[in-house]
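J.: Submitted below is the structure of interest, expressed as structure tokens.
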Amino acid sequence: DAGVTQSPTHLIKTRGQQVTLRCSPKSGHDTVSWYQQALGQGPQFIFQYYEEEERQRGNFPDRFSGHQFPNYSSELNVNALLLGDSALYLCASRGPTKNYEQYFGPGTRLTVT
Amino acid sequence: ELKVEQNPLFLSMQEGKNYTIYCNYSTTSDRLYWYRQDPGKSLESLFVLLSNGAVKQEGRLMASLDTKARLSTLHITAAVHDLSATYFCAVDMRAGNMLTFGGGTRLMVKP
């Protein structure tokens with residue numbers, strides 16, 4: 001049973017560019033959340049997708065957008081990259097279980113130069 | 001706005017010693033999670049605490065939840081080097097829709 005997978009593993013971009021990160025949820029999971037983790041800090045919630053719609057959003061600007069596909073996989077898009085967007089981006093998925101536990105993927109390390 | 005605070009932020013301890021990490025949060029919630037993160041890696045789920053008074057144990061780690069005090073603890077018994085990592089607590093306010101994390105406790109266990 002594959003867990004949550006993310007691609008790419010690492011990415012280097014220049015300020016002003018755009019980036020797309022991808023996530024495939026754990027088998028049987030239908031809800032995908034994205035988190036940003038800056039170095040030395042705890043993860044911060046970006047948004048969550050369920051049934052191909054954004055259900056909840058954290059305190060992130062509109063430069064951050066996402067999408068969920070019919071197979072439950074998801075993309076995170078960031079436009080007009082800033083140096084401060086450099087971070088580990090984590091995808092988490094969960095299924096319809098009582099404890100609502102979220103399972104995290106290995107992350108994508110984004111460096112903006 | 002929900003705030004989650006962990007202390008200490010950094011903990012250096014000798015092997016064989018006991019210690020407790022504290023996680024305080026500002027708004028009522030009955031669902032709290034503990035995660036472990038190794039350097040450069042993702043988050044590994046340790047415990048899910050779903051109700052007041054919940055206590056979970058796995059090996060040398062034990063977690064508890066007091067929803068009235070808005071406090072969770074992660075107790076380490078007879079620490080070993082392999083427990084060196086950063087530990088995060090996270091509070092779930094919206095039934096699985098959004099986790100709010102503490103700042104993490106970086107644990108270093110010295111031989």
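The values are calculated or read from the model by the stated rules, or taken from the named source; none is laboratory data. This is a predicted model, so every value here is computed, not measured. In this analysis, Cβ positions are derived from the backbone assuming ideal geometry, glycine residues included, and neighbour counts consider all displayed protein chains. All accessible areas refer to the heavy atoms of the entire protein, side chains included, with ligands and DNA or RNA removed. Shrake-Rupley method; radii C 1.70, N 1.55, O 1.52, S 1.80 Å.
J.: Can you tell me which of (1) crowded, with 18+ Cβ neighbours inside 10 Å; (2) within 14 Å of chain B (Cβ to nearest Cβ) is the one residue A:41 doesn't meet?
T.: (1)
J.: Given the structure, is residue B:84 away from chain A (no Cβ under 11 Å) and surrounded by 16 or more Cβ atoms within 10 Å (Cβ to Cβ)?
T.: Considered against the rule, which asks whether it is away from chain A (no Cβ under 11 Å) and surrounded by 16 or more Cβ atoms within 10 Å (Cβ to Cβ), residue B:84 comes out as yes.
Yes or no, residue by residue, for (1) open to solvent by 20 Å² or more (accessible area, probe 1.4 Å); (2) closer than 17 Å to residue B:31 by Cβ; (3) touching a Gly at 6+ places or on another chain (Cβ under 8 Å); (4) within 14 Å of chain B (Cβ to nearest Cβ):
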{"position": "A:80", "(1), (2), (3), (4)": "yes, no, yes, no"}
{"position": "A:91", "(1), (2), (3), (4)": "no, no, yes, yes"}
{"position": "A:102", "(1), (2), (3), (4)": "no, yes, yes, yes"}
{"position": "A:105", "(1), (2), (3), (4)": "no, no, yes, yes"}
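J.: Among the residues of region B:21-31, is any under 20 Å from residue B:106 (Cβ atoms), open to solvent by 40 Å² or more (accessible area, probe 1.4 Å), in a strand (DSSP E or B) and within 11 Å of another protein chain (Cβ to nearest Cβ)?
T.: Scanning region B:21-31 turns up no residue that is under 20 Å from residue B:106 (Cβ atoms), open to solvent by 40 Å² or more (accessible area, probe 1.4 Å), in a strand (DSSP E or B) and within 11 Å of another protein chain (Cβ to nearest Cβ).
J.: Here's a follow-up. Can you go through B:62, B:13 and tell me which one is in contact with a His (Cβ under 7 Å, 6 or more places away or on another chain) and away from chain A (no Cβ under 14 Å)?
T.: Residue meeting the stated conditions: B:62.
J.: Right, another one. Scanning for something crowded, with 18+ Cβ neighbours inside 10 Å, under 14 Å from the mean Cα position of the chain (by Cα) and of a type in the set (S, T, N, Q), does region A:54-63 turn up at least one residue?
T.: No, that holds for no residue.
J.: Sticking with this one: Out of all the residues in region A:23-33, is one or more touching a helix residue (DSSP H, G or I) at 6+ places or on another chain (Cβ under 9 Å) and touching a residue at least 12 places away in the same chain (Cβ under 8 Å)?
T.: Checked region A:23-33: no residue is touching a helix residue (DSSP H, G or I) at 6+ places or on another chain (Cβ under 9 Å) and touching a residue at least 12 places away in the same chain (Cβ under 8 Å).
J.: Looking at this structure, is residue B:36 at positive phi and surrounded by 14 or more Cβ atoms within 10 Å (Cβ to Cβ)?
T.: no
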